[in-house]
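The values are calculated or read from the model by the stated rules, or taken from the named source; none is laboratory data. Since this is a predicted model, take the numbers as computed values, not measurements. Positions of Cβ are generated from backbone atoms using ideal geometry, with glycine treated the same way; all protein chains shown enter the neighbour counts. The accessibility values were calculated without ligands, DNA or RNA, using every heavy atom of the protein model including side chains. Shrake-Rupley method; radii C 1.70, N 1.55, O 1.52, S 1.80 Å.
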Amino acid sequence: MMSGTRLLSDASIGAIADLTRSAPDVERVLTGEGITLEALPPVRDRGAVIVPNVRQRLARTLKALDLTDRATVSSVLAVAARLAEIYENAPNASPGRVVRLRDCLAADGYHLTQAGDPLAAVRALADAADRELADASAIRAELLRLERNLGADPSQDIGAAKRLIESTAKIVLARTGVSAGKNPNMNVLIPKAMESIAAFSETKPRHVQAMMESLRELALSVNRLRNTAGDGHGGVTAVTGVDDRDGRLAVRAAIAWCAYLLDALGDLQGQSTD
């Protein structure tokens, strides 16, 4: 039973439904988020039989979800982003529908694939991992967890951000042939991974070197935050003073660090084949 205030308005749900192109597309996108498209019975009107279309079915499906739950809303936003992408790439798409969706979501406090949107950044990093790594499965697994749960609980976001940094560091070290040592902690993994791709090279301009130091500290800060406010520690008392914005910030920080290392790793791999 739903309780509390709905986090997505009927206007946003209607705008999402307006992007539907075909039932197979909608079913595939919903299935990816663990949602089943409702089957609505035909309606009789003055002797005519009216079969509900996929737009009506999607709207009914989304409205039936618990839109007071942040995890559920996160899944709906992922559905919206994918449907918008499909719609924008379809022939004769109307830009106005996507603009309306963005406006409706913004009124509810959410943003769709705009600068700074962590979901968009998660997908961009997944694409970068696929480009640069022969096997990106470990990073993709962490990114999938992030995408599915982003915004549901800041402690989960912070924990996932730390795991993403850890997975990336281990992959980079393995690809560059540098030993991480036995059971290394994050204070070892983070700088060692950066050193393996020459992030601290003295040939870099002074201001870039300063940025590299800040980037290292940013990743280390995510780990320190995870130790006090992240999931997986089984604390006796609930974490206080950490909100959704802090969780999203940790995710963005992790993505910045991981994206730089994957980019640098791609350059190293390219040079080795010359």
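Between the residues Thr31, Ala90, Gln56, the greatest Cα displacement towards the positive end of the dipole of region 19-101, with unit charges on the Cβ of Lys, Arg, Asp and Glu, is found for Gln56. Taking each residue as 0.36 nm, the span from Ile50 to Ser221 lengthens on full extension beyond its C-alpha to C-alpha distance by 55.8 nm.
Simple point charges give the picture: +1 on the Cβ of Lys and Arg, -1 on the Cβ of Asp and Glu, and for region 46-108 a dipole about the Cα centre of about 320 debye. In a fully extended conformation the segment linking Arg21 and Asn92 would gain 24.4 nm over its present Cα-Cα distance, using 0.36 nm per residue. Taking a straight line from the alpha carbon of Lys170, these lysines sit under 19 Å away, with near neighbours fewer than eight places off in the same chain left out: Lys162, Lys182, Lys192. Accessible-area rank, largest first, for Ile86, Ile158: Ile86, Ile158, with all protein chains present and a 1.4 angstrom probe. With the highest mean first, a sort of the peptides 34-42, 15-23 on other beta-carbon atoms found within 10 angstrom per residue produces 15-23, 34-42. Taken along the Cα-to-beta-carbon direction at a fixed 7 Å, the label points for Ala141 and Ala259 span 2.5 nm.
State the percentage of accessible surface on region 40-83 attributable to carbon and sulfur atoms; use a 1.4 Å probe and exclude ligands, DNA and RNA. Here it works out to 49 percent.
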